[in-house]
Number of protein chains: 6
Amino acid sequence: MNLSIIIEKIEKFAPPELASEWDNSGWQVFLGNNSVNKIIFALTCTLDIVEQAIKNDCDLIISHHPLIFDKFNKISAENSALMPAIKAIQNNIQIYSAHTNLDSTQGGIADKLAKVLCLKNIKILEQISEEANLGRVGELEEEKDLNLFIKNLKEILKTDKIKLTNPSNKTKIKKIAVVPGCGASFIPKLKDIDAFITGDVKYHNALVAKDFVVIDAGHFETERIILPVLKELLSEFNVEVFVAEEKSPWEVL
Amino acid sequence: MNLSIIIEKIEKFAPPELASEWDNSGWQVFLGNNSVNKIIFALTCTLDIVEQAIKNDCDLIISHHPLIFDKFNKISAENSALMPAIKAIQNNIQIYSAHTNLDSTQGGIADKLAKVLCLKNIKILEQISEEANLGRVGELEEEKDLNLFIKNLKEILKTDKIKLTNPSNKTKIKKIAVVPGCGASFIPKLKDIDAFITGDVKYHNALVAKDFVVIDAGHFETERIILPVLKELLSEFNVEVFVAEEKSPWEVL
Amino acid sequence: MNLSIIIEKIEKFAPPELASEWDNSGWQVFLGNNSVNKIIFALTCTLDIVEQAIKNDCDLIISHHPLIFDKFNKISAENSALMPAIKAIQNNIQIYSAHTNLDSTQGGIADKLAKVLCLKNIKILEQISEEANLGRVGELEEEKDLNLFIKNLKEILKTDKIKLTNPSNKTKIKKIAVVPGCGASFIPKLKDIDAFITGDVKYHNALVAKDFVVIDAGHFETERIILPVLKELLSEFNVEVFVAEEKSPWEVL
Amino acid sequence: MNLSIIIEKIEKFAPPELASEWDNSGWQVFLGNNSVNKIIFALTCTLDIVEQAIKNDCDLIISHHPLIFDKFNKISAENSALMPAIKAIQNNIQIYSAHTNLDSTQGGIADKLAKVLCLKNIKILEQISEEANLGRVGELEEEKDLNLFIKNLKEILKTDKIKLTNPSNKTKIKKIAVVPGCGASFIPKLKDIDAFITGDVKYHNALVAKDFVVIDAGHFETERIILPVLKELLSEFNVEVFVAEEKSPWEVL
Amino acid sequence: MNLSIIIEKIEKFAPPELASEWDNSGWQVFLGNNSVNKIIFALTCTLDIVEQAIKNDCDLIISHHPLIFDKFNKISAENSALMPAIKAIQNNIQIYSAHTNLDSTQGGIADKLAKVLCLKNIKILEQISEEANLGRVGELEEEKDLNLFIKNLKEILKTDKIKLTNPSNKTKIKKIAVVPGCGASFIPKLKDIDAFITGDVKYHNALVAKDFVVIDAGHFETERIILPVLKELLSEFNVEVFVAEEKSPWEVL
Amino acid sequence: MNLSIIIEKIEKFAPPELASEWDNSGWQVFLGNNSVNKIIFALTCTLDIVEQAIKNDCDLIISHHPLIFDKFNKISAENSALMPAIKAIQNNIQIYSAHTNLDSTQGGIADKLAKVLCLKNIKILEQISEEANLGRVGELEEEKDLNLFIKNLKEILKTDKIKLTNPSNKTKIKKIAVVPGCGASFIPKLKDIDAFITGDVKYHNALVAKDFVVIDAGHFETERIILPVLKELLSEFNVEVFVAEEKSPWEVL
């Protein structure tokens, strides 16, 4: 299968120009191979994912998180961020990432999260920041009991535990903002909402919210919902595709 | 009671020169009052803490976290970080913070955390970074079952839930590093330990650890153990002191 | 009286977007109070002005010069620039400043200075710099004897002494540029004028002028002419207003 | 006369390494001529001073203020700061400046100013700033009436008018700090003095002083006292020397 | 002859706004003289060129390379880059340079080089960089033997030796890019050409080219072809003009 | 053969701490393999050198020039600087470079160049710059005819053509400075020498030298003399070593 057709399809869905300036989306490892036989999708391209790719005879890994963030000038096995890249090169596997462009795009992760929550009137988090298209805001069909909402959310995101703050002691919520992954930097600028769903919220971030519930549903849990979407996106092509076995690094005791 | 004697005592215990360069320890609100009648201790000086101070006739708040991090040039009620300061000024209450110096100092938060865990051979996390004296490393008297250790830890820190990663599937631990508060930036540089205890660990930080257990026991929970130490420190003086009623912003459902 | 109507009126007259980028116009101290009873106007909000406000039961100070220029992260009585702010907060007084926007605006300080000099064909000092709308240039009805002009100027600005340089030994002047306050940075770029009126001109600034008279009429004296304009501006409202008693810090012996 | 002997004498008196980092002391125009016949001293090397040098057959100008502050990459008659340099080169005249090193050195301008005021216990303005050796502090033999002191100061500095602020209404002064030229940046850091004498003090600088008299005696007037010192310094050599005719650019009407 | 007419003619041919941002084209030494009698053209205004100007009674030097690149704040004979300027000022000679604007302009150095090579379809090196109009690309009438081309090139540029790399072992060339002077920074971005002609190519630059011949024909040799063009340009005016005697600093043994 | 013994030997000879701050010496590609069977030495690790390594079953390339200068965050075959790295990784070959440390060290490239020229009293180019230990200065046994010296130099460096400038028309030389590779930045600071030997000298660099001969003997030619030294250095170990077939990219027609 021609590689460029696959990449074209993905980049039409998640246009690279939507990526944030600091981001490193796109090719992580490109070896000059212009065809592809089997693709594995993963949220994060760890060494374990490269091993799954090898075991499954994949020659392309498509991940959400870029393998590489910081620039480097030595390709060394002692830089653990590069180990998956070295192993991939040795096994002739190429790696491509769609990160903040996949978060932002229409039908991308933020949209998908809003949709699985059955929000209505879904809009981009406008006027908040340059990166506001990473998030969405919408409304539940009708006001819902907070505890019930959390219970449903755990089912939707397939997770056991969810952390929340509730500084204004809300019992009902209706208008909800979402930023999949790590959206704590949005908190100071949000207003006129009942709840904010994201992951990776730290103590000082949490204290900033005064008027709405902050729901930390997990970085991994709020993002992995996109992988089936990507798989579906490429289903029309004559190329084998599958989603990696991946789980959150965290357990809660 | 003469204010300068109080501050001198605290600064002898947690010398300001130990504070990190980016930190803003020391006076947050100083109104020129040189005496003190009643002191309230808190981890974080929120509006609620100022209200507790007012209700209890305190004229000095001593907090761990500085009220103010970012510099500003307008004193506005619309900057929510300044609301506690405005309320304090209106009620003639002064605010003092000991932050990274209190983390680092001998007998400070990091030491206290190591001690409540009954670690032996407690040492500063040397060679790791310029801020390594924010952390400690030590050993349990004898190797301990991981699950049992977590169970005890929850009792010690008075918390219900603790998150952990266990990438190398350890069942026993002995050598433990601790950084109270938010210590995720230490992860890439740690080695030769069985477990690392801190708070506020994000998804990508967690994935970096390969050979040891990362235990996220909570920013609030790993730090509040210092407040009784401060209260004790000033017990010799003729001034009323008490610890604020404070709880973590998070609940886990 | 509703505070927002007052501020709206002032900001319509001196739009905040006219302020220079380095400036800190707008709210200096805002305590969340949305009504106002009595207003005091001053060029510079010193501790003495706050005391006049207290004595006169004012709850709003409107000053030309911002209280605060440099950003800070400690509210301390030891920072003398913050003393008026602390005293104002303790007495529930809010402080608002209109600085370079008030200099620049149509009918603002520069225009007012040009008008009290009876200049004709008053124009903005165009093409000189990005901040040129801080100044005006115009012409006397007819050429005037320099000494006579200075004599009149002293009457208009109510001052005893005026400093001037006259490198080209002019005896008559007609075309005059004005920058109220501190306009020395304009000198190297001025041309085709007979005289330049401003304040705070230093020795090396003065030496740069070759072809025109530089008249240092005082920072305070060239700006205080605006206070009656502000008082008049708010006369339509049901709020007490008055101009503070203020004088130049300088005497000449 | 050998030029290097002259420069060596001056640099022994005012060592170049005392100059501030931002300063441009030393050769302003050096044409490779190693002998000197006649020297003219001036505070500021204007075009008029170069013309005096030409008329008097001088081949070396020694000025206090550097001709050139801002770096340039075009030698153009349209840059008025370079006109004196061009005229000097065309007339084979070299120009040397001793600026902040001459201010600071033992026996230099600051010392000379302290001495003409008959101060005792003259010390460097220590602990104030990195540039504190630009200033001196000392005491009058006995407390003196302020008005009388100003009257004497005008005689000593040969000036008609002197500006002062007196925020604490002192009538007597004894301990005095001096910074010749432009010393306003010292004001916020001065304490435990009765008066501060300098030049070029602007309105906002003046307002900062709370506890002492600020005397603006003129940039030119507080510095020109050094020229006879320089003349005397070179009197031992077989070279003609004289002080230029120079006056302040300001007149006060 | 009126100087401004001469400069206007040159700046119409090589508009200053075409110059690169880092460049220092235009007046190098301007003494305020507005007439001109005799002009000398040179590639580089060395001390030798100023001496030729003096010997030939020239009052204007027009050079390609600016005399001055780095900014300075001392005019000293010890800065060898300034020696030609000092000598020129002493002899009342003005110096003007047209550098990257002369490279880029239509009919300028790059165009002239393309023309002397008899290239067809000459185009600007578009899409390569912001400075691409410093170069041209075109085609020989028909494919030519490389060795023969080099032989002709030596005749055209009047040089004995030419260096080249030929990594892909081409024997015939047709499509050629040229950047007169120092164009090595273009190499990584060139493609779809047979050869690149420029000067001053360093070892690491040379290794970057993979698919085309790099011909280092000399910085001096690829630029001096413009001097007759400049002479011709001014032939219509009533002013004596001539080209300096200049040769490459290099000999090859 | 244990890899660390080899690297230790090289780093004892060319200590990494001698490398310039901007340099990227050390591991270019390290795959975690701790043994070595066969080593190839090269000046520059091009794709051709990696292919020689593959053909000769080498598993370690030791080059003088680092493969990678600019930092990157994508490992892409479209970045031609990374192609040799990708090919090396795919063939399990590691790459190590000793660059400016090998230039500077005692017995390194600069010393070797001085020695093959039979210079006496060889010293480091002191007082010139922070990087002066990249160069050496010494004297020929006796003054030598310049042409004869060049003839010998061509034999020593095995090159046909050498470029030189001779601005002061020297015919004899004795004191010689050398900087192997690219040493043009030293030219403005050199004095009291008869000749300077280096490579990659550009036109404007060449014009700066006034009093000495500048000999551009080639970047490649002045450096390749070190490869036999490296081979000899490792001869004591039980590992196969050989020098790659490498030639200058340039031919001179």
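The values are calculated or read from the model by the stated rules, or taken from the named source; none is laboratory data. Treat the numbers as computed from the prediction; the structure is a model and nothing was measured. Positions of Cβ are generated from backbone atoms using ideal geometry, with glycine treated the same way; all protein chains shown enter the neighbour counts.
Points worth noting:
- Residue in the stretch A:28-46 that is among the aromatic types (Phe, Trp, Tyr) and free of Cβ contacts under 8 Å to residues at least 12 places away in the same chain present: no
- Residues that are aliphatic (A, V, I, L, M), surrounded by 24 or more Cβ atoms within 10 Å (Cβ to Cβ) and free of Cβ contacts under 8 Å to residues at least 40 places away in the same chain, drawn from the stretch F:184-205: F:Val201
For (1) within 14 Å of chain F (Cβ to nearest Cβ); (2) within 23 Å of E:Leu227 (Cα to Cα), each residue gets a yes or a no:
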{"position": "E:Gln106", "(1), (2)": "no, yes"}
{"position": "E:Ala110", "(1), (2)": "no, yes"}
{"position": "E:Leu113", "(1), (2)": "no, yes"}
{"position": "E:Asn121", "(1), (2)": "no, no"}
{"position": "E:Gln127", "(1), (2)": "no, no"}
{"position": "E:Glu131", "(1), (2)": "no, yes"}
{"position": "E:Asp160", "(1), (2)": "yes, yes"}
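- In the stretch E:95-105 there is at least one residue that is in a loop (DSSP other than H, G, I, E, B), in contact with a Pro (Cβ under 6 Å, 6 or more places away or on another chain) and at pLDDT 95 or above.
- Scope the stretch D:23-32; condition buried (at least 18 other Cβ atoms within 10 Å of the Cβ) and more than 19 Å from C:Leu207 (Cβ to Cβ); matching residues: D:Gly26, D:Trp27, D:Phe30, D:Leu31
- Filter result for the condition that a residue is within 14 Å of chain A (Cβ to nearest Cβ) and more than 19 Å from A:Met83 (Cα to Cα), over F:Glu21, F:Glu17, F:Glu11: F:Glu21
- As for the stretch A:227-245, it holds at least one residue that is under 22 Å from A:Gly135 (Cα atoms) and not hydrophobic (A, V, I, L, M, F, W, C).
- Residues in the stretch B:192-213 that are within 8 Å of chain A (Cβ to nearest Cβ) and under 17 Å from B:Leu113 (Cα atoms): B:Gly199, B:Asp200.
- Flag for B:Ser235 being farther than 30 Å from B:Leu3 by Cα, of a type in the set (S, T, N, Q) and not in a strand (DSSP E or B): no
- Restricting F:Ser97, F:Ser35, F:Ser20, F:Ser63 to residues that are among the hydroxyl-bearing types (Ser, Thr, Tyr), within 25 Å of A:Ala88 (Cβ to Cβ) and surrounded by fewer than 22 Cβ atoms within 10 Å (Cβ to Cβ) narrows the list to F:Ser35.
- The listed residue being touching a His at 6+ places or on another chain (Cβ under 9 Å), within 14 Å of chain E (Cβ to nearest Cβ), touching a residue at least 12 places away in the same chain (Cβ under 8 Å) and of a type in the set (Ser, Thr, Tyr), out of D:Ser4, D:Ser63: D:Ser63
- Filter result for E:Gly199 (small (Gly, Ala, Ser) and touching a Cys at 6+ places or on another chain (Cβ under 9 Å)): yes
- Test: residue in the stretch F:48-69 that is polar (S, T, N, Q), over 24 Å from the mean Cα position of the chain (by Cα) and on the phi < 0 side of the Ramachandran plot: no
- Qualifying positions in the stretch F:206-225 - under 30 Å from F:Phe41 (Cβ atoms) and not aromatic (Phe, Trp, Tyr): F:Val214, F:Ile215, F:Asp216, F:Ala217, F:Gly218, F:His219, F:Glu221, F:Thr222, F:Glu223, F:Arg224, F:Ile225
- D:Ile75 vs. criteria facing chain E (nearest Cβ under 10 Å) and in contact (Cβ under 8 Å) with a residue 24 or more places away in the chain: no
- Candidate set: the stretch B:162-178, residues that are more than 12 Å from chain A (Cβ to nearest Cβ) and not polar (S, T, N, Q); chosen: the one nearest to B:Leu113 (Cα to Cα): B:Val178
- Residue within the stretch D:136-148 that is at pLDDT 95 or above, within 13 Å of chain C (Cβ to nearest Cβ) and in contact with a strand residue (DSSP E or B) (Cβ under 9 Å, 6 or more places away or on another chain) present: yes
- Flag for B:Ile86 being of a type outside the set (Phe, Trp, Tyr) and under 24 Å from B:Asn238 (Cβ atoms): no
This table checks each residue for (1) surrounded by 13 or more Cβ atoms within 10 Å (Cβ to Cβ); (2) on the phi > 0 side of the Ramachandran plot; (3) touching a Lys or Arg at 6+ places or on another chain (Cβ under 6 Å); (4) not small (Gly, Ala, Ser).
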residue: A:Ala110; (1), (2), (3), (4): yes, no, yes, no
residue: A:Gln127; (1), (2), (3), (4): no, yes, no, yes
residue: A:Arg136; (1), (2), (3), (4): yes, no, no, yes
residue: A:Leu140; (1), (2), (3), (4): yes, no, yes, yes
residue: A:Lys174; (1), (2), (3), (4): yes, no, no, yes
residue: A:Val179; (1), (2), (3), (4): yes, no, no, yes
residue: A:Cys182; (1), (2), (3), (4): yes, no, no, yes
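- Residue check for B:Val36: within 12 Å of chain C (Cβ to nearest Cβ), among the β-branched types (Val, Ile, Thr) and more than 17 Å from the chain's Cα centre (by Cα): no
- If you filter the stretch E:238-253 down to residues that are within 14 Å of chain F (Cβ to nearest Cβ) and in a strand (DSSP E or B), you find that the one that is surrounded by the most Cβ atoms within 10 Å (Cβ to Cβ) is E:Val252.
- Taking first residues from the stretch B:99-123 that are within 15 Å of B:Ala195 (Cβ to Cβ) and partners that are at pLDDT 95 or above and of a type in the set (S, T, N, Q), the Cβ contacts under 7 Å between residues at least 6 apart in sequence or on separate chains come to B:Leu113/B:Thr222.
- Where D:Ile93 falls short, out of the listed (1) at the interface with another protein chain (Cβ under 10 Å from one of its Cβ atoms); (2) more than 18 Å from D:Asn24 (Cα to Cα): (1)
- Tally of residues being over 19 Å from the mean Cα position of the chain (by Cα) and among the small types (Gly, Ala, Ser) across the stretch C:82-100: 2
- Residue match in the stretch E:40-52 (condition: surrounded by fewer than 23 Cβ atoms within 10 Å (Cβ to Cβ), in contact with a helix residue (DSSP H, G or I) (Cβ under 8 Å, 6 or more places away or on another chain) and more than 10 Å from every other protein chain (Cβ to nearest Cβ)): yes
- Residue check for F:Ile89: of a type in the set (Val, Ile, Thr) and in a loop (DSSP other than H, G, I, E, B): no
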